[in-house]
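The values are calculated or read from the model by the stated rules, or taken from the named source; none is laboratory data. For clarity, every value in this text was computed on a predicted model and none was experimentally measured. So basically every Cβ, Gly included, is an ideal-geometry build from the backbone, and we count neighbours across all protein chains shown.
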């Protein structure tokens, strides 16, 4: 992403806080529940982890910074993980995270090539897709291009949840952030429009979804604060770490309380602009 980007009433979900989620969680697919169960995540009542869960998860953008953080969290679970990556992607950093290679599968394809996506995903079944893709620089139609073939294949593969990492300001959400100086960043409004198109395609696909919008990401080495929360208040914009984003992502996997919701991330513990040493 560029500039601030790298890449409502709360109701049932309340606020999903990392510290509360992981307090009382043990090994396995942390704090997850099967779709067939009744799942609620609230700050006051951390959920019970599903023991021995083996969700089939497809990761898009797994070799990127956020994707690797998510894969690092998944490596400690029982999930069966597939990563879609281009043939020339560096896979060593991902494989270093996975002592048990039997649960990690590579699929080869370029997201901007619909035929390659169809070939790579043909015959596979997934429970969850997690899209942590970084926007291609200069392409203001990136999501408009990649989402239709991805969603078509998600429908065929029986996907029960598509978790999409997007951007604060996507589509009409940009109207809530009028005085942040974004107009000084060339092309940002075209990119945010494209982000909104991608979200709308997902919402209209019939595939159950979770959208997590991010902004103001700290450097990839920044540790989790444990203070991050998911909120449906789409006027929120605060800094965040990828480590917290990864944990919040896992808290929503196969969680009915996150389905068909659009979240922003709130973390009041991080200053912005970042304090440089």
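Of the residues that make up region 253-262, is at least one assigned to a loop (DSSP other than H, G, I, E, B), over 21 Å from residue 66 (Cβ atoms) and at pLDDT below 95? For region 253-262, residues assigned to a loop (DSSP other than H, G, I, E, B), over 21 Å from residue 66 (Cβ atoms) and at pLDDT below 95: absent. For region 191-217, the set of residues classified as assigned to a loop (DSSP other than H, G, I, E, B) and either within 16 Å of the chain's Cα centre (by Cα) or surrounded by fewer than 18 Cβ atoms within 10 Å (Cβ to Cβ) (or both) consists of 204, 206, 207, 208, 215, 216, listed by residue number. Take the conditions more than 18 Å from residue 218 (Cα to Cα), at pLDDT below 90 and buried (at least 16 other Cβ atoms within 10 Å of the Cβ) and apply them to residue 55. Does it pass? So residue 55 does not fit the description; no. Scanning region 218-252 for residues that are in a strand (DSSP E or B) and surrounded by fewer than 23 Cβ atoms within 10 Å (Cβ to Cβ) yields one hit, 231. For region 140-156, a residue qualifies if it is more than 16 Å from the chain's Cα centre (by Cα) and buried (at least 19 other Cβ atoms within 10 Å of the Cβ), and the qualifying residues are 142, 149, 153.
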